[in-house]
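Written out below as structure tokens is the structure these notes cover.
The values are calculated or read from the model by the stated rules, or taken from the named source; none is laboratory data. Note that the structure is a prediction, hence the values are computed from the model and not measured. Cβ atoms come from the backbone with ideal geometry, glycine included; neighbour counts cover every protein chain shown. Remember, those area values only see protein heavy atoms, side chains included, never the ligands or the DNA or RNA. Shrake-Rupley method; radii C 1.70, N 1.55, O 1.52, S 1.80 Å.
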Amino acid sequence: MIPVDEALAHLFSLTQVMDVEEIPLRSAAGRILARDVVAQRTQPPFAASSMDGYALRRAEVEPDAMFKVVGESAAGHRYTGTLRAGQAIRIFTGAPVPEGADFIVIQEDVTRRGNLITLGHSVGKKDNIRPAGGDFTKGQSITAPRRLRPADIALLASMNIANVPVHRKPVVAILATGDELVQPGEVPGPDQIIASNTYGLAAQLEALGADTRLMPIAADTEASLRRSFELAQDADLIVTIGGASVGDHDLVAPVAAAMGMEQSFYKVAMRPGKPLMAGRLGSAAMIGLPGNPVSAMVCGTIFVTPMVSAMLGLGQNAAPRRLVPLAQDIPANGPREHYMRARIDDGQVIAETRQDSSLLSVLASADALLVRPPNDPAHTAGTLVQVIDI
């Protein structure tokens, strides 16, 4: 068995960053920006009013001063003349500031009669003008890599970017194996169970930006498994679930080897999830996860999601951890790194009582994995421990 960090390093060595494609801005939300993008214009492209009011010359602003209104500047329709002494221009939020004006007095500080305005006694010192380029200037860039959030999409639109360079979504083929499995909605036989791991793992990876494909369940025969591998041969990453151990019915490793898989490692010193293997099959990276549902999902968090993130150009990083105090005492850990299902309550972490790797209901009620190093001693309540949010 190898340590978790060594297994993760091997997995990263199997991955390749996806190539770059340009997609319409409308489709770019949630995608990974692959190259720096440069603003095609300055924003705002002109000095603009931040309030509804009147454009004046600052030097003339004083209590009870009177001005003649000689025009109007609205958003999309600027005043084309030049402001002269004793004049004012009616102006609205977002409108270009007329030439000659350098102060906007808000309409609440003005009394208007016909074409004459009189300033009040409490005109503030703020000019209420948004300078040209106050947000960004032409040539300013958004740096890659980054996952494009709604605010990023709005910024790209404002920069007049219509097409965005992003990393292609990695195609991940997910393959469950075992005669005991049937698909959700089917009627299982007396010795069968519903395949759940593929659906949970697909949801996990799609949230990251992968293009997941659920392969048909492979029976416990070499022919069925070989056929499933052939169907998945155009994927960037092949994830198998179950059949990765060394029992008589665990055929993933020998069939993959017969098809040319270059095995990188087998077995990791962790719980849940010890029977884990990885390698390359043709042009695809491959990882074989254990069949127990919690084991598969935990390994998805610890290994598969970092692989997919690396393939998306986000760097080779382990699942992020943070320190949280224990809510209660915990006993010493054994020789393998343990990822305990846990809950965060009032800023403290509580390990679930039941840690069996078959209990999906416990995993579904958890929102964190409490990470226990190998041979970690017992800890009392209040001790800071590492957790991974899930």
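Would you mind working out the magnitude of the charge dipole of region 266-362 relative to its Cα centre, with +1 at each Lys and Arg C-beta and -1 at each Asp and Glu C-beta, to the nearest 20 Debye?
Approximately 360 debye in magnitude.
Could you compute how much accessible surface E222 exposes when probed at 1.4 Å, giving the result in Å² to the nearest 10?
Accessible area, nearest 10 Å²: 120 Å².
What is the pair-distance distribution P(r) of region 1-155, computed from all Cα-Cα distances in 5 Å bins starting at 0, with each bin given as a whole percent?
Using 5 Å bins, I get a P(r) of 2, 8, 14, 14, 11, 8, 8, 7, 7, 5, 5, 3, 3, 3, 2, 1, 0, 0 for region 1-155.
In a shell of Cβ-Cβ distance under 15 Å around Q87, excluding Q87 itself, what net charge do Lys and Arg (+1) and Asp and Glu (-1) give? Can you show the working numbers first?
On the way: positive: R57, R58, K68, R84, R90, R112; negative: E60, E72, E99, D102.
My count for the surroundings of Q87 gives +2.
Counting only other residues whose beta carbon sits under 10 Å from that of R336, what net charge do I get with K and R as +1, D and E as -1? Working shown, then result.
Numbers: positive: R271, K274, R372; negative: E337.
Taking every Cβ under 10 Å from that of R336, the sum is +2.
Using the charge dipole of region 58-179 (Lys, Arg: +1 at Cβ; Asp, Glu: -1 at Cβ; taken about the Cα centre), state which of V61, M159, P145 has its Cα farthest towards the positive end.
Farthest along the dipole direction, towards plus: P145.
Calculate how large, on average over all directions, the projected area of the Cα convex hull of region 105-260 is; give the answer in nm² to one decimal. Present the calculation step by step, with values, prior to reporting the outcome.
On the way: hull surface 78.0 nm².
Approximately 19.5 nm², given one-decimal rounding.
Write down, largest first, the equivalent ellipsoid semi-axes of region 211-367 in whole Å, where each equals the square root of 5 times an eigenvalue of the alpha-carbon gyration tensor.
Numbers: eigenvalues 198, 63, 37 Å².
Each semi-axis is √(5λ); the values are 31, 18, 14 Å.
Taking the simple approach of a point 7 Å from Cα along Cα-to-Cβ for both E186 and K68, what is their distance in nm?
Label at E186, label at K68, 8.8 nm between them.
Across region 222-298, how large is the tail of the calculated P(r) beyond 14 Å, expressed as a percent of all Cα pairs? Numbers along the way, then the final one.
Details: 1674 of 2926 pairs.
Taking all Cα-Cα pairs of region 222-298, the fraction more than 14 Å apart is 57 percent.
Return one whole number: the accessible area per residue of the chain in Å², for a 1.4 Å probe.
Values: 18540 Å² over 390 residues.
Heavy-atom SASA per residue in the chain reads 48 Å².
Could you identify which residue out of A202, A319, A85 has the top mean-square fluctuation in a GNM of the chain using Cα springs shorter than 10 Å?
Maximum fluctuation in the GNM of the chain, among the listed residues, is at A85.
Determine the distance separating the Cα centre of region 289-323 from the Cα centre of region 28-57; give it in Å without decimals.
38
Run the numbers on the chain and let me know its relative contact order in percent, using alpha-carbon pairs under 8 Å that are six or more apart.
Details: 891 pairs, mean separation 63.3, N = 390.
It rounds to 16 percent for the chain.
With a 10 Å cut-off between alpha carbons and a GNM built on the chain, which of E21, E180, E99 moves the most?
Taking springs between Cα atoms under 10 Å, the residue moving most is E99.
Could you work out the helix-only [θ] at 222 nm for the chain, with each DSSP H run of four or more residues adding -39,500 (n - 2.57) and the total divided by the number of residues, to the nearest 500 deg cm²/dmol? Show your work: numbers first, answer last.
Details: 8 runs with 69 residues, N = 390.
The helix-only estimate for the chain comes to -5000 deg cm²/dmol at 222 nm.
For K68, list the lysines whose Cα falls under 30 Å from its own Cα; do not include residues on the same chain fewer than 8 positions away.
Hits, sequence-local ones excluded: K125, K126.
Would you please give the residues with an amide H less than 5 Å from that of T177, counting only those at least 5 places away or on a separate chain, with H modeled from the backbone geometry?
Residues meeting the criterion, in which the H sits 1.01 Å from N, are A218, I241.
Which percent of the accessible area of the chain is formed by carbon and sulfur heavy atoms (probe 1.4 angstrom)?
Numbers: 9220 of 18540 Å².
About 50 percent, which is the carbon plus sulfur part of the accessible surface.
Please identify the longest segment of the chain free of exposed trypsin sites (Lys or Arg not before Pro), where exposed means a DSSP state other than H, G, I, E or B and no more than 12 other Cβ atoms within 10 Å. Mind showing how you got there, number by number?
Numbers: sites that count: R84, K125, K126, R354.
After excluding every exposed loop site, the longest remaining stretch is 127-353.
Which of L156, L119, L231 moves most in a GNM of the chain, Cα contacts under 10 Å?
Its mean-square fluctuation being the largest, the pick is L119.
What percent does the relative contact order of region 233-390 come to when contacts are Cα pairs within less than 8 Å and at least six residues apart?
Values: 323 pairs, mean separation 33.1, N = 158.
RCO, region 233-390: 21 percent.
Where the centroid of each part is defined by its Cα atoms, how far is region 182-261 from region 106-136 in Å?
68
With point charges of +1 on the Cβ of Lys and Arg and -1 on the Cβ of Asp and Glu, referenced to the Cα centre of region 8-118, which listed residue (I104, A9, P44) lies farthest in the positive direction of the dipole?
So the residue we want is I104.
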